[in-house]
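Input: a single structure, listed below in structure tokens.
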Amino acid sequence: MQLAEPFDFCRFELVLKGPLAAKPSDLKWITLVDHDNALVPIDLVPILPGCPKDNETWEAAYAKMVASARERGWIDAKANAIRAHIVRRF
């Protein structure tokens, strides 16, 4: 698992690659909501490989994205997770 486009704050997708497009056991910490959506813990994103380290600009932009998602109802408060659209690539 890695953050592929860390400075793209307009899309928040979970890209699943491969013929089986990942089994739930492969998605440690991530909850599949349905075929098209998943919940990704808010605190997981900043520690994923590919995330800029010690970058205040990135951290501020990520916090803004999370706040915007909260306003739109895309945050699961109980799970402290943000809804991500699932994209499958085979």
Calculate the dipole size of the chain relative to its Cα centre from +1 charges on Lys and Arg beta carbons and -1 charges on Asp and Glu beta carbons; express the result in debye to the nearest 20. 280 debye
Where both residues lie in the chain, what percent of DSSP beta bridges are antiparallel, nearest 5? 65 percent
Under 5 Å between amide hydrogens, which residues at least 5 positions from Val15 or on another chain qualify, with H placed 1.01 Å from N in the peptide plane? Val87
Testing the spin-label approximation: label points 7 Å from Cα along Cα→Cβ at Asn55 and Glu5. State their distance in nm. 1.4 nm
Mean ellipticity per residue at 222 nm, deg cm²/dmol - from DSSP H runs of n ≥ 4 across the chain, formula -39500 (n - 2.57): -6000 deg cm²/dmol
Candidates for log10 I(q)/I(0) by the Debye sum over Cα atoms at q = 0.10, 0.14 Å⁻¹ are [x] -0.38, -0.69; [y] -0.57, -0.84; [z] -0.24, -0.49, and the calculated one carries label [z]
How would Met65, Met1 rank on accessible area, largest to smallest, probe 1.4 Å? Met1, Met65
Where a Cα-Cα gap under 16 Å defines reach, which aspartates and glutamates qualify for Lys64, not counting those fewer than 8 residues away within the same chain? Asp8, Asp43, Glu56
Choice from Asp36, Asp54, Asp76 showing the highest fluctuation, given a GNM over the chain with Cα pairs closer than 10 Å: Asp54
Enter the accessible area of Phe7 (Å², nearest 10), with the probe set to 1.4 Å and all protein chains included. 130 Å²
Relative to the chain, whose Cα atoms define the longest principal axis, helix 56-71 and its Cα axis are tilted in degrees, nearest 10, by 70 degrees
With every protein chain present, what is the per residue accessible area of the chain (1.4 Å probe, Å²)? 69 Å²
Sulfur and carbon atoms: percent of accessible area, the chain [1.4 Å]: 55 percent
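The values are calculated or read from the model by the stated rules, or taken from the named source; none is laboratory data. Keep in mind that what you see is a predicted model, and the values were worked out from it rather than measured. With ideal geometry, Cβ positions are generated from the backbone for all residues, glycine too; neighbour counts draw on all protein chains shown. Keep in mind that these areas ignore ligands, DNA and RNA; they rest on the heavy atoms of the full protein, side chains included. Shrake-Rupley method; radii C 1.70, N 1.55, O 1.52, S 1.80 Å.
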